[in-house]
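Worksheet: the structure to be examined is printed underneath.
The values are calculated or read from the model by the stated rules, or taken from the named source; none is laboratory data. In this text, all values refer to a predicted model and were calculated from it rather than measured experimentally. Methodologically, a virtual Cβ is constructed for each residue, glycine included, from the backbone with ideal geometry; neighbour enumeration extends over all protein chains shown. For the accessible areas, the whole protein counts, side chains as well, though only heavy atoms, and no ligand, DNA or RNA atoms are used. Shrake-Rupley method; radii C 1.70, N 1.55, O 1.52, S 1.80 Å.
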Amino acid sequence: QVQLVESGGGFVQAGGSLRLSCAASGSARSINTMGWFRQAPGKQRELVAITNSAGGTNYADSVKGRFTITRDNAKNMVYLQMNSLSPGDTAVYYCSCTTYRSQYWGQGTQVTVSS
C-alpha cells in the first residue's frame, strides 16, 4: 500500500504560479511512475504530467512549457511547478503513482485561478 498526500493548492490570479507537492509513504520503494492529474467541474479527470523512475516525463499539450514535474526519489516526493496559470487550469489536482500491482491516488488539492 502507498499513501499520497498533496499540498500547495490555493487561489491565484491569472499569470501567477503555484507549486504542488506530493509525499508518498508506505510501500514507496515499489513506486514506478508518479504523476499529476486534474479534474475540473463537469469534466473527466485528465493527465497533467507524469514521470517514471528513470526520470522520463510526459505532459499534456495544454500545460507544456508552463508546468514542470520533478521527482525526489530519496524523499519519495513529486512536485508540480505551475507557471503562467490561467482560469482554464482551475481544477482539483490529484497526485497519483503506480506500482507493479496497483495505482494509488491522493485526496486532491484545489487550484483556483481567477481572471
Looking across the stretch 17-51 at residues that are surrounded by 15 or more Cβ atoms within 10 Å (Cβ to Cβ) and charged (D, E, K, R), the single one that is farthest from the chain's Cα centre (by Cα) is R45
The stretch 67-103, residues that are open to solvent by 30 Å² or more (accessible area, probe 1.4 Å), in a strand (DSSP E or B) and among the β-branched types (V, I, T)
T68, T70, V92, T98
Is there any pair with a first residue in the stretch 4-16 that is more than 22 Å from Q103 (Cα to Cα) and open to solvent by less than 60 Å² (accessible area, probe 1.4 Å) and a second that is polar (S, T, N, Q) and at pLDDT below 95 whose Cβ atoms are under 7 Å apart and which are 6 or more apart or on different chains, and what are they?
A14/S115
Spot the failing condition for Q110; the list is (1) surrounded by 13 or more Cβ atoms within 10 Å (Cβ to Cβ); (2) polar (S, T, N, Q); (3) within 14 Å of the chain's Cα centre (by Cα), and only one is missed.
(1)
Mind checking which residues of the stretch 27-66 are farther than 18 Å from E6 by Cα, among the polar types (S, T, N, Q), outside any loop (DSSP other than H, G, I, E, B) and without any contact (Cβ under 8 Å) to a residue 40 or more places away in the chain?
T57, N58
For the stretch 51-100, the count of residues that are in contact with a Cys (Cβ under 7 Å, 6 or more places away or on another chain) and farther than 16 Å from G10 by Cβ equals 2
